[in-house]
Amino acid sequence: MAYRVRLQNFEGPLDLLLFLIKKNEVDIYNIPIALITKQYLEYLELITIMDLEGASEFIYLAATLIRIKAQMLLPRSDNGEEEDDEDPRLELVQRLLEYKRFKDVTPNFAERERIQRDYYGRSYFKFDIADVDATLDDSLTDVTLFQLMEVFRRTLENVPKTTFHRVEIDPVTVEEQIDFIINMLEARRHVLFSEVMANLNERLLIIVTFLAILELIRRDKILIKQAAPFEEIWIQIK
């Protein structure tokens with residue numbers, strides 16, 4: 001299945017690390033490197049399957065995590081002398097903290113840009129709010145790529161494992177699944193991610209459908225939202 005995903009504002013490997021730290025509720029200054037590396041490699045497998053642009057950056061950081069894990073397995077010197085054994089995680093923690101500082105201030109600049117863009121000089125205008133459906137929208141927040149991938153990973157885990165490999169033509173294309181999703185959204189403005197995947201019982205079909213969702217995000221056709229972190233994800237047509 002040759003299909004490369006390119007997303008605007010693509011989240012990188014440090015975003016994935018911050019996501020895993022938040023998901024596991026661990027201290028950024030004391031990262032359980034074995035656990036985080038294991039989970040990171042699971043996400044790297046998904047990224048490789050989907051052939052996401054910039055996958056090489058994730059592979060590079062995976063190598064860094066494995067190196068840190070190996071260093072932490074080495075025996076510490078125990079000769080009675082005081083030695084400064086630097087924590088091998090220290091450089092990574094510093095990179096994460098610096099990245100997080102920049103990431104945290106970015107929304108402020110984006111909000112200022114939005115306010116300035118929507119500012120108009122005093123004049124007469126008419127605004128019709130009759131057709132605005134804000135009941136559900138107001139209770140939902142934006143979803144990151146990795147939150148979406150977490151739901152995708154759980155969906156793949158529920159697919160029955162096959163014990164054989166059969167070579168065959170792909171049953172569906174990304175464009176066909178894009179039409180499938182759009183048809184669902186035209187009937188109902190909001191659809192749960194789990195509903196979209198509900199009747200898909202083949203691993204390849206689930207992957208192609210997920211790629212279709214990513215492509216619709218890239219084309220700015222849909223929004224992905226949820227009420228709170230790690231809760232149900234809603235797909236909404238724009």
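Only the coordinates and a few stated rules stand behind these numbers; no lab work does. Owing to the predicted nature of the structure, the values given are computational and were not obtained by experimental measurement. Every residue, glycine among them, receives a Cβ derived from its backbone with ideal geometry; neighbour counts consider all protein chains shown.
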note = If amide H atoms are modeled at 1.01 Å from N in the peptide plane, then the residues at a separation of 5 or more from Ile233, or on another chain, having amide H under 5 Å from its own are Phe193, Ser194
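If you stretched the chain out fully between Lys238 and Ile49, how much longer would it get, using 0.36 nm times the residue separation minus the C-alpha to C-alpha distance? If you can, show how the numbers build up before the last one.
Details: separation 189, 0.36 × 189 = 68.04 nm, distance 2.77 nm.
Length gained, Lys238 through Ile49: 65.3 nm.
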query = Going down the list Lys22/Lys221; Lys38/Lys225; Lys69/Lys238; Lys100/Lys221, which pairs span over 32 Å between their C-alpha atoms?
reply = Lys69/Lys238
request  = Along Cα→Cβ, 7 Å out, is where each label goes; now give me the distance between the ones at Glu202 and Ala227 in nm to one decimal.
outcome  = 3.5 nm
Label-point separation, Glu42 to Asp142 (7 Å along Cα→Cβ), nm = 2.7 nm
key: Rounded FRET efficiency, nearest 0.05, which uses the C-beta distance separating Arg101 from Ala63 and R0 of 25 Å   = 0.50
